[in-house]
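Q: Input: one structure, supplied below.
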Amino acid sequence: QVQLVESGGGSVQAGGSLRLSCAASGRTFSSYGMGWFRQAPGKEREFVGAISWSGGVTYYADSVKGRFTISRDNAKNTVYLEMDSLKPEDTAVYYCAARVKSGSSPSDFGSWGQGTQVTVSS
């Protein structure tokens, strides 16, 4: 099991960029696929994207495809979410999580971080 801590959230104007980081503790980080989710007030937790354990495969929700990029550095036990061309509808708490089984539902992931707030103003 890994422990995860997100950072890098903040407030930005529409069209701006942010880079979120998710630092993991534990020597098994490199064996996990990782995912990013977000949750806006009053809404369910939403899949943003995921990356394979090696970093060779990534996939994204349609709502962020072409604007967000996930990467990882296994030597630093860190996964990143680069967010460009941000929109007000991207406002949410963003979470990283370690994959426990295939799929893109929250139940397919475990070891959640505490989340980091991203606010995009128009």
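Q: Check Phe47, Phe29, Phe37 and return the single one that is of a type in the set (A, V, I, L, M, F, W, C) and over 13 Å from Ala98 (Cβ atoms).
A: None of the other options fit; the residue is Phe47.
Q: Also: Select from segment 63-114 the residues that are buried (at least 19 other Cβ atoms within 10 Å of the Cβ), part of a loop (DSSP other than H, G, I, E, B) and under 11 Å from the mean Cα position of the chain (by Cα) and list them in ascending order.
A: Within segment 63-114, Gly113 is the sole residue that qualifies.
Q: Step by step: first the residues of segment 4-29, then only those that are modelled with pLDDT under 95 and loosely packed, with under 14 Cβ neighbours inside 10 Å, then the one that is farthest from the chain's Cα centre (by Cα). Which residue is that?
A: Arg27
The values are calculated or read from the model by the stated rules, or taken from the named source; none is laboratory data. The model shown is predicted, which means the values in this text are computed figures rather than measured ones. Methodologically, a virtual Cβ is constructed for each residue, glycine included, from the backbone with ideal geometry; neighbour enumeration extends over all protein chains shown.
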